[in-house]
Ligand SMILES: Cc1cc2nc3c(=O)[nH]c(=O)nc-3n(C[C@H](O)[C@H](O)[C@H](O)COP(=O)(O)O)c2cc1C
């Protein structure tokens, strides 16, 4: 007898898709209003995209501003790993977890354009496969830095005068292809242990010997999937039909298993664009999601509204209640952290043994 | 007053900022009133207290590597801190007027990314962002970064100056009608080409603060900073520093009011002067545990002194000029001179190791009744020893409450501190004009 399936996970993008022509928001109130709406709908988390050359504010700063204005909602900014310092990436995401009391994640992204490289002037643009390989190293060292303080490192022992137990704070001594980090972090281990790591993967997974294998696009697609299989807690897959999504899910879990990971610790969400004209569309969307879910195409969904303010209200008032009626979303919340919402356990620090 | 006598000049107004305590040995973490220095409610409490007291800004220091002593992670001080800009973005949600200042190293960051994060904070807070530009240049810190420990001491301020100029080019790059214009910066340290993704921020530019004391640091502050955070908190040293720095401004076409000088200071209040002194002595004792005392000694001597009794006399042996036990701390220039001074003091007053360390390292700026403290702060500012103060409480997060409850009303009675915020941006609190657009070419107008 198999265990009952967990409720489907549900997330939404707060940013309008690029090229939608919507005005770019620079006011905190815009984001707070959207996040509160998403929270009212009981969504597991919201994402906010970012890139150095895209008009808009820094996504981590925006979601940190949103954190005290919300209570339950998971907050997942896009963070690029190509021209940034891995140490800073680690401390910023850990701090988002502290200020939100365990609701933070980050979506790993890379910069491949000359335009991005020119904003930094540190090194030329590199092929996607190369920057994705580096992104995997960044994800690795970021998690090591989160683990570098064991949970009970702060002891405040008056007798010995020691504030921390230095045996529970560890150098990470990481050497990657383009950087080294000595560690430990300056930020104590965040509430979730490790904030949730997201990777968006391309849908189709061509076999290595398929025609066209070796194309830049193909090689880089494989590099992204390697990063997702090795480091992601949640993978987002853009797909037009449940078969494609289901194939991507199966392939990712197989890769994760091959890397020695427990495949239950990698969730795959289908990422779908949505544009809702009215309540009937919202109910129809619930039906579609239920069908995909029943077909085993995904562990849940990441919805990308064409017009977040408009579509989010319909999602919250139409789609979510319809999913609840079908028993696919629970009314309450199982716990306080984003990991709790997703049904992912809190990992132990890899340095905590003895 | 006779009708012909001139009206007295208006009294200089005092600027106040709140330094979040922690990550040092001045925070009394063993006090029962000492809370978390990591959890967000602690930051929110201190910031709300500062805003209740109508302070100019809330201040966060930075450290990018845990300090080490004898090759091991230092474990006696408060240690561990969240990342500043993220904390300040969150604090923007729970405050309305208070300025939000982050210390961020110019050495281990890049102008485009940091300018964007600061401009984002300025938008998200409605014009309350500030950047304290520090210039870390040790290879020890560099081991955490792609940059490594590459930067020479001599280059740290040239990089910082070019960093700030480049950030200003980016902040100025949108036209008055809201269109981004590409910049093309080519300098000694940076090449930055392209469009900034954030419109001009609510206060034009985030406020720039400088902390550092060398001649190069003072010159950099005179050319580019809006505020200096200084350690010169005594009256005499403060006046000398003030005169020196303000004297450098004319060279850059700036007036004395364009740069505010704010020393970091501590305070201890009591109902009587004697009670305040007693309380202050108790705090100093708690800041210097027996273990702390030996560690402070080892930092000067450069050798292992763990066998000494903290309640006994100072060592007779001379410091090892090449001994280096501590990493991540400012190096002591002449250890032998310091050791001689400490030994002389210990002999003259009959002080133990611990008592000597308390006497020499425990600097407490304002100790007394609320009346005394308000009067002395006022006198400091009126006599140009400072333009205001960055207050460092010794308790997290409630340490500022007594100051706001007891001293602020007295400063207001004296007519030297605001009774309401008159503007909404940090620049307006500091009395600084919004910077003119430079036409995207950087530098000061
Ligand atoms: C009051 C004050 C506060 C400082 N705070 C910090 C800090 O939070 N983080 C940091 O890395 N350096 C800090 N510094 C160090 C300076 O940025 C600088 O590296 C150091 O003072 C050496 O520069 P100088 O030779 O110009 O004094 C501070 C310095 C002063 C005077």
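Scanning for something assigned to a helix (DSSP H, G or I), surrounded by fewer than 22 Cβ atoms within 10 Å (Cβ to Cβ), in the same structural domain as residue B:296 (by the TED database) and free of Cβ contacts under 8 Å to residues at least 12 places away in the same chain, does the range B:402-423 turn up at least one residue? No, there is no match, as no residue in the range B:402-423 is assigned to a helix (DSSP H, G or I), surrounded by fewer than 22 Cβ atoms within 10 Å (Cβ to Cβ), in the same structural domain as residue B:296 (by the TED database) and free of Cβ contacts under 8 Å to residues at least 12 places away in the same chain.
Out of all the residues in the range B:372-401, which are assigned to a loop (DSSP other than H, G, I, E, B), over 17 Å from residue B:42 (Cα atoms) and within 16 Å of the ligand (Cβ to nearest atom)?
We begin by selecting, within the range B:372-401, every residue assigned to a loop (DSSP other than H, G, I, E, B); these are B:383-387, B:392-400.
In the following step, the residues that additionally are over 17 Å from residue B:42 (Cα atoms) were identified as B:383-387.
Correct list: B:385, B:386, B:387.
Counting only residues that are farther than 15 Å from residue B:225 by Cα and in contact with a strand residue (DSSP E or B) (Cβ under 6 Å, 6 or more places away or on another chain), the range B:144-168 holds 1 of them.
Suppose we filter B:93, B:115 for residues that are within 8 Å of chain A (Cβ to nearest Cβ), assigned to a helix (DSSP H, G or I) and more than 14 Å from the ligand (Cβ to nearest atom); which single one remains?
Numbers: B:115 fails: within 8 Å of chain A (Cβ to nearest Cβ).
It is B:93.
Total residues in the range A:293-307 satisfying the condition of being surrounded by 22 or more Cβ atoms within 10 Å (Cβ to Cβ) and in contact with a helix residue (DSSP H, G or I) (Cβ under 6 Å, 6 or more places away or on another chain): the figure is 4. Exactly one residue out of B:311, B:304, B:316 is at pLDDT 95 or above and in a loop (DSSP other than H, G, I, E, B), and it is B:311.
Residues in the range B:96-112 that are part of a loop (DSSP other than H, G, I, E, B) and either more than 16 Å from the ligand (Cβ to nearest atom) or not assigned by the TED database to the domain that holds residue B:150 (or both): B:96, B:97, B:98, B:110. Looking only at residues of the range A:88-103 that are in contact (Cβ under 8 Å) with a residue 60 or more places away in the chain and touching a strand residue (DSSP E or B) at 6+ places or on another chain (Cβ under 6 Å), we find that the one that is farthest from the other protein chains (Cβ to nearest Cβ) is A:103. Within the option set B:171, B:131, being away from every other protein chain (no Cβ under 13 Å), surrounded by 23 or more Cβ atoms within 10 Å (Cβ to Cβ), touching a residue at least 40 places away in the same chain (Cβ under 8 Å) and within 13 Å of the ligand (Cβ to nearest atom) holds for one residue only, B:131. Set side by side, the residues B:187, B:148, B:212, B:217 differ, and just one is within 16 Å of the ligand (Cβ to nearest atom) and touching a helix residue (DSSP H, G or I) at 6+ places or on another chain (Cβ under 7 Å), which is B:217.
For the condition in contact with a helix residue (DSSP H, G or I) (Cβ under 6 Å, 6 or more places away or on another chain) and closer than 23 Å to residue A:282 by Cβ, what is the one hit in A:43, A:96, A:57, A:37?
Working: A:43 fails: in contact with a helix residue (DSSP H, G or I) (Cβ under 6 Å, 6 or more places away or on another chain); A:96 fails: closer than 23 Å to residue A:282 by Cβ; A:57 fails: closer than 23 Å to residue A:282 by Cβ.
The match here is A:37.
The single condition among (1) touching a residue at least 60 places away in the same chain (Cβ under 8 Å); (2) away from the ligand (no atom under 14 Å from the Cβ); (3) at the interface with chain A (Cβ under 7 Å from one of its Cβ atoms) that residue B:126 does not meet is (3).
Just for helices (runs of 4 or more DSSP H) wholly inside the range A:248-354: which have at least 3 residues that are closer than 29 Å to residue A:149 by Cα?
On the way: elements: A:279-294, A:308-314, A:320-325, A:338-342.
So the answer is A:338-342.
For the range A:146-165, does any single residue satisfy the condition of being assigned to a helix (DSSP H, G or I) and buried (at least 20 other Cβ atoms within 10 Å of the Cβ)?
Start the filter on the range A:146-165 by keeping residues that are assigned to a helix (DSSP H, G or I), which leaves A:146-147.
Retained after the next criterion (residues that are buried (at least 20 other Cβ atoms within 10 Å of the Cβ)): A:146-147.
Yes, because at least one residue in the range A:146-165 is assigned to a helix (DSSP H, G or I) and buried (at least 20 other Cβ atoms within 10 Å of the Cβ).
Exactly one residue out of A:43, A:10, A:48 is buried (at least 22 other Cβ atoms within 10 Å of the Cβ) and within 14 Å of chain B (Cβ to nearest Cβ): that is A:48. Condition first: touching a residue at least 60 places away in the same chain (Cβ under 8 Å) and farther than 23 Å from residue A:18 by Cβ. Now tell me which residues in the range A:291-316 satisfy that. Selection gives A:293, A:298, A:299, A:300, A:316. Would you say residue B:143 is surrounded by fewer than 20 Cβ atoms within 10 Å (Cβ to Cβ), more than 13 Å from the ligand (Cβ to nearest atom) and modelled with pLDDT of 95 or more? Judged against the criteria, residue B:143 is a match. Within the range B:238-265, the residues that satisfy the criterion of being part of a helix (DSSP H, G or I), in contact with a strand residue (DSSP E or B) (Cβ under 9 Å, 6 or more places away or on another chain) and within 14 Å of the ligand (Cβ to nearest atom) are B:238, B:241, B:245.
This table checks each residue for (1) closer than 17 Å to residue B:90 by Cα; (2) more than 10 Å from chain A (Cβ to nearest Cβ); (3) within 16 Å of the ligand (Cβ to nearest atom).
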site: B:17; (1), (2), (3): no, yes, yes
site: B:24; (1), (2), (3): no, yes, yes
site: B:50; (1), (2), (3): yes, yes, no
site: B:55; (1), (2), (3): no, yes, no
site: B:63; (1), (2), (3): no, no, yes
site: B:68; (1), (2), (3): no, no, yes
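Tallying residues that are at the interface with chain B (Cβ under 7 Å from one of its Cβ atoms) and either within 15 Å of the chain's Cα centre (by Cα) or buried (at least 24 other Cβ atoms within 10 Å of the Cβ) (or both) within the range A:53-65 yields 7.
Checking A:68, A:124 one by one, the residue that is touching a helix residue (DSSP H, G or I) at 6+ places or on another chain (Cβ under 6 Å), under 17 Å from residue B:110 (Cβ atoms) and either crowded, with 24+ Cβ neighbours inside 10 Å or within 12 Å of chain B (Cβ to nearest Cβ) (or both) is A:124 and no other. Here residue B:299 passes the criteria (1) away from the ligand (no atom under 16 Å from the Cβ); (2) in contact with a strand residue (DSSP E or B) (Cβ under 7 Å, 6 or more places away or on another chain); (3) assigned by the TED database to the domain that holds residue B:161 except the one numbered (3). Residue pairs whose Cβ atoms lie under 6 Å apart, separated by 6 or more positions or on different chains, with the first residue in the range B:206-223 and within 14 Å of chain A (Cβ to nearest Cβ) and the second part of a helix (DSSP H, G or I) and more than 8 Å from the ligand (Cβ to nearest atom), are B:206/B:118; B:206/B:122. Is there any pair linking a residue in the range B:191-203 that is more than 7 Å from chain A (Cβ to nearest Cβ) and free of Cβ contacts under 8 Å to residues at least 60 places away in the same chain to one that is surrounded by fewer than 21 Cβ atoms within 10 Å (Cβ to Cβ) and assigned to a strand (DSSP E or B), with Cβ under 7 Å and at least six apart or on different chains, and which? Within 7 Å, the pairs are B:195/B:180.
The values are calculated or read from the model by the stated rules, or taken from the named source; none is laboratory data. All values reported here derive from a predicted model rather than from experimental measurement. Because the Cβ atoms are built from the backbone with ideal geometry, glycine has one as well, and the counts that use them run over all protein chains shown.
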